[in-house]
Amino acid sequence: MANLSISCKADRCSRLLTVFVTLFMAALGVKGESSFTVDGIVYSDVSEPHTGQGNIVRVDGGTCVDSVLTIPDKVISPTGTIYRVRYVDLFAFRNRKDIKKVSFPAGITILQGAFSGCSNIEELDLSGIRSVRREAFEGCKSLRRVVLPEDLTLLDASLFYDCSSLTDIDLSNITYIEDRALYRCSLEKCIPPRELKHVETYALSLTKGIKSIIFTGESTNLGESAFSYSNVETVTFRCKKDFNIPAKSFFKCANLQSVTIEGEGSINEIGTGAFADCVSLNTFGLDRVTKIGMSAFEGCKSWTRLELPQTVTSIGDGAFISTGITEMHIPEWLKESMVGKDAFAGSQIVSLQFPESWKNFENHVAAVQNSQRTIERVVLPGKCEVIPESVFFKCPNLRYVKGGKNIRKIGENAFAECARLEAFEHNGDVDEVGSGAFYGCASLKRFKIGNDLKTIPYSAFYGCKALEALDCVIPGVESVGMQAFKGSGLTDITFLSVDKPVDIEWEAFRDCSRLEGWYWDDGFGVWQQSDDMYLKLPDNLRKIATDAFRNCTALKGLWLSSGDVAVEVTPNPQNGDMHTPFYGCTIERLVIDRDFTVDDAGLRQMLPSFDQVAFLRLGDAFGWDLRDFTGLPVDKSGAVKAPMLQKLQLGNRIDPVPSFAASPLLRAVTLRGDYYEPPRVGGFHPDTYADGTLDVENEDDYRAADGWREFFMKSSDIEDVEYAGDSVEPSVLQEEYYNLQGQKIPSPQRGAVTVIRKDDKIVKRIIW
């Protein structure tokens, strides 16, 4: 009774299954007539008398014995009819955990999903089967070994999907692999296909054992992600016709090293991400490629050299992003429109040269902004006019940039924090520089600016410690912005006069510790020394802000030229110090040129800080009281306090001449032009009269003037040639020439001292 009960239950289940299967078989043109159970296996009659294939059954399910399912070649029904077993029905044994081994008869067809989810099946011998349909063994996670029929050329969709333990299978005769057929299979002992013609989506994705792939046929058909995440190492295309490599076909194939095209066909297009993250890829023949899609080779870090053939007509966005390419010369024929945004972004490019004909390049190097880049050398397009903002921001290894003659503008932060950038070479005139353009370029040595540059903006050259000089003077600058050259290595600056007022803003040249000024020669040569440098501010200077030249410790000479200027002086709230434009500087040589005027008290507040002045030149002042004009401090007697003053030059028509009696080191005085009154209150310190030198024009006029006689009488050791010539024969005079270091020289020259002696007594010394 128990066996009968089981049999009845089986029959009922069988009948229910038969209803579904019959409907399906009807769709296939197969008419089901009856079902029965033999030895625990449920069969359905699917005979096709009209085809002459009568007495055929399919397996609808059933039980196994000791985990072994044996499907016979023939079966005798309870009515005694002999049937041939030719099918295993759809999902007949789906998710059966009790089956570990299956034996199939020859000529059988395994329909869709028949054994899907049978996670304990370990081996399959399919050598005699007629065919096996999609998903038949999907999810058989314990399946290790499969024997396929020798004449089988196609693996149906998802046939071995997620058979993660499948290692041993001979695929040598397989030419067609449909969707996900071997997805996530190990295949470590796999014999790979000799030739492939058709591989669909995810067909071999996440497989491990297939190392080499050869594609043949008229035109290879590849599906998206067909080999993604697999361990394939080499791929060869021997196709007769042109073909495509679709999106992500070999995505993240970490072991893929080379792709070769040997057949007659070419690659029309490499799809999006087709070889993305193939980190070992180092060989790819692009000479037969037309289109390279988006991110096609993204992350191919072993690909170091890129040669683009003329067959290429377009390169998609990010096509070579983050590759290992170190050197790339973009060919002249490649137009800007052919290259997508960030095509070479994030790569390991060391040397990059753009075509001469290109005008713009921003989209193609935008990712140079990545601080991890290794780019060292860039040759910009010859027709490039604008270097966009931040285009080379934080390129730590960028050393050399060459631009063409057409460059007119450098955008904000274009080269900011390129700490190793040494040279920016170009043949044109840069007329616009953006804020922070070269911020932090500590190695930049030289820079050439244009004649039409009006503003050097905020932080443009901040921290350029190696910047010694601009390649030309600053011819038309109207404003030097805040911190424009702060902390730079400038050694000299030359401002030329412009028609419009010039402003030097807060901390514009702060901490330029090497800044000395510029060489200046007024044409007379009586005061200029070879090692004397002066910072000559523009004639049209309108404003010089607080701390503009703060801590420029090498700046020793300052030339205040003609013009109306506002000098900003700001008290320090912490210690009460007056912060002037030259706070922290030690000015030893000061020239106040003619016509220099000031309307506010800034200059008067600034000049007392110049208490280390050793050379002072006061230009033609046209009768101004120099004590009020210069703001130089005076003592109770009215004498100018210049304790370090050694050499003084007075210009034309300075009246009255201020007293320098409080300057004990003063030894050399040059007087130019007409002076109506002598130096007041004693004129000069006694030591000046004792052994100083005097160079004057129109001395006879001075000697005849009231007030000057006393001055010359005190200067008993200071005589001129004409004065001595009345009593001394010229032959008696001895004329010798020395440089400023006291070394005797053969003839007068700039920076020399002419010494005239009479009876071993110095009659006159003239500084040339």
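The values are calculated or read from the model by the stated rules, or taken from the named source; none is laboratory data. Predicted model only: the values in this text are computed from it and were never measured. Because the Cβ atoms are built from the backbone with ideal geometry, glycine has one as well, and the counts that use them run over all protein chains shown.
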| Looking at this structure, is Ile169 buried (at least 18 other Cβ atoms within 10 Å of the Cβ) and either touching a strand residue (DSSP E or B) at 6+ places or on another chain (Cβ under 6 Å) or not aliphatic (A, V, I, L, M) (or both)? | yes
| query | Quick check: is even one residue across the range 435-447 hydrophobic (A, V, I, L, M, F, W, C), surrounded by 18 or more Cβ atoms within 10 Å (Cβ to Cβ) and at pLDDT below 80? | reply | no
| Which condition does Val75 not pass, out of (1) touching a strand residue (DSSP E or B) at 6+ places or on another chain (Cβ under 6 Å); (2) closer than 22 Å to Thr175 by Cβ, if it passes all the others? | (2)
| message | Based on this model, can you work out whether Arg184 counts as closer than 30 Å to Cys118 by Cα, surrounded by 24 or more Cβ atoms within 10 Å (Cβ to Cβ) and of a type in the set (D, E, K, R)? | response | no
| Sole exception among (1) at pLDDT 95 or above; (2) surrounded by 19 or more Cβ atoms within 10 Å (Cβ to Cβ); (3) under 43 Å from the mean Cα position of the chain (by Cα) for Asn255, by number | (2)
| query | Going by the structure shown, is Val259 in contact with a strand residue (DSSP E or B) (Cβ under 7 Å, 6 or more places away or on another chain) and in a loop (DSSP other than H, G, I, E, B)? | reply | no
| remark: Here the qualifying pairs (Cβ atoms under 7 Å; residues six or more apart or on different chains; first in the range 509-538 and under 30 Å from Gly481 (Cβ atoms); second of a type in the set (A, V, I, L, M, F, W, C) and modelled with pLDDT under 55) come out as Tyr534/Trp520; Lys536/Trp520
| Hey, any hits in the range 136-153 for a residue that's hydrophobic (A, V, I, L, M, F, W, C), over 20 Å from Glu188 (Cα atoms) and in a strand (DSSP E or B)? | no
| request: Would you check which residues across the range 120-133 are crowded, with 20+ Cβ neighbours inside 10 Å and either touching a Ser or Thr at 6+ places or on another chain (Cβ under 6 Å) or over 21 Å from Glu150 (Cβ atoms) (or both) and list them? | output: Ile121
| query | Does Thr553 satisfy being farther than 21 Å from Glu389 by Cα, modelled with pLDDT of 80 or more and surrounded by fewer than 16 Cβ atoms within 10 Å (Cβ to Cβ)? | reply | yes
| request: Report yes if Gly62 is farther than 26 Å from Ala181 by Cβ and either buried (at least 20 other Cβ atoms within 10 Å of the Cβ) or modelled with pLDDT of 95 or more (or both), otherwise no. | output: yes
| task | Kindly provide the set of residues from the range 614-672 that are at pLDDT 65 or above and β-branched (Val, Ile, Thr), ordered by number. | result | Val640, Val657, Val669, Thr670
| said: Please determine whether any residue of the range 81-99 is charged (D, E, K, R), more than 24 Å from Ser165 (Cα to Cα) and out of contact with any helix residue (DSSP H, G or I) (no Cβ under 7 Å at 6 or more places or on another chain). | reply: yes
| said: Against the condition within 23 Å of Leu222 (Cβ to Cβ) and either buried (at least 22 other Cβ atoms within 10 Å of the Cβ) or touching a helix residue (DSSP H, G or I) at 6+ places or on another chain (Cβ under 9 Å) (or both), how does Phe160 come out, does it pass? | reply: yes
| field | Single residue of the range 68-119 satisfying the filter (in a strand (DSSP E or B) and of a type in the set (Lys, Arg)) that is nearest to Asp151 (Cα to Cα) | value | Arg86
| query | In the range 76-98, how many residues are crowded, with 20+ Cβ neighbours inside 10 Å, among the aliphatic types (A, V, I, L, M) and closer than 14 Å to Ile41 by Cα? | reply | 3
| Which of the residues spanning the range 393-425 are among the aromatic types (Phe, Trp, Tyr) and assigned to a strand (DSSP E or B)? | Tyr400, Phe424
| Taking Phe250, is it under 43 Å from the mean Cα position of the chain (by Cα), modelled with pLDDT under 95 and within 26 Å of Ser280 (Cβ to Cβ)? | no
